[in-house]
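A short reminder: the numbers here are calculations on the coordinates, not readings from a lab. Since the model is a prediction, treat every value here as computed from it, not as a measurement. Because the Cβ atoms are built from the backbone with ideal geometry, glycine has one as well, and the counts that use them run over all protein chains shown.
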Amino acid sequence: MVVADLSRVQPDPSGLYRPPPPPPPPDPAGAYRPPPYHPVPPDPSLLAAAPDRRRRRWPRALLGVGLTVLVATTAMLAVTVARLRDRVADEQASAAAAARLADERLAAGVAATNGLAERLSALEAKVGEQPDLPKVASAVKASVFTIRTGRGLGSGFVLRSGGGRSTLVTNFHVVEEALASPTREVMVANEGRRLTGTVGKVVEDRDLALVEVAADLPALVRATTPPKVGDPVLALGSPLGLAGSASNGIVSAVRPGSLQFSAPVSPGNSGGPVVDRRGQVLGVATSKLVGNGAEGLSFAVPVDTVCAALEVC
């Protein structure tokens, strides 16, 4: 009886049982022979599940290449970013330097402008110090009158006005003739306007007198600043009857009780005002020296003396 070796029975792929092949015939020589080897075909399910090492090599290679590219790209980006930062820093430094330069130039321009403004102010101040004589003469002449007596004439100016009356200042020697008349009347005129005036207070030793007029007339203002040698002056009046005349000069000297000036005066100027650059009264023109080559030696009674003597200011 042949006993089958069940340990070597292999299942058939189809699921049917197949008995093992019969054992080989005994060796005539009596030697042992191993049974023949029957390879067992592999299970297809196991074959399908087995990993393919060759297929796994490609993803790893691609992953390595990708990582290399990524690292290289990252490095290039880092270098590019660093360069951009350097460029931005350089541009910012250049912009800051340009801004500082602009600020310096602006400061220099402002300083130059301030310097020009200061110079301009100084020039304007100097120009302001220069008298506008035509303007002064125009403003003053409305207050300057020709004063006529019976046989003579002179000048006078309004120093006080209000309440329908005005007071003119003149020289005593201009109205001395009218004092002999009971009425003490004189005629005063300015640009065609004629008024009758009455001689009021007189101070003979100061050669001063007042004439009262029944009208409101524009009055001049006394100077409050003492005159200085070299200050410009205008002398206004009616030299030789030429009403509305003006001559200019400077203060030549300030003497006790007398103001010496260089503006030319003539007969008829007596009693007229001597004014400063602002048109304020410095004194009353009184006389001049003539002969022996004398020039520009005119004299006026100072306004302080006028105010004190006539009590009119």
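Label residue 99 and residue 176 with points 7 Å out from Cα along Cα→Cβ: what is the distance between them in nm?
If labels sit at residue 99 and residue 176, their model points lie 8.7 nm apart.
Highest first, please rank the peptides 221-232, 245-256 by the mean number of other Cβ atoms sitting within 10 Å of their residues.
Result, highest mean first: 245-256, 221-232.
Lysines near residue 126 by alpha-carbon distance under 19 Å, same-chain residues fewer than 8 away left out - which ones?
Partners found: 135, 228.
When the expected Rg is taken as 2.2 N^0.38 Å, what fraction or multiple of it is the alpha-carbon Rg of the range 268-313?
Here the answer is 1.30, to two decimals.
Compute the semi-axes of the equivalent ellipsoid of the range 221-313, taking the square root of 5 times each eigenvalue of the Cα gyration tensor, and list them largest first in whole Å.
Largest first, the range 221-313 gives 19, 15, 13 Å.
Quote the Stokes-Einstein diffusion coefficient, in whole µm² s⁻¹, for the range 135-310, based on the Kirkwood radius over alpha carbon pairs, a temperature of 37 °C and a viscosity of 0.692 mPa s.
209 µm²/s
Dimensions of the range 56-130 along principal axes (Cα, Å, largest first)?
Each principal axis gives a Cα extent; for the range 56-130 these are 109, 11, 5 Å.
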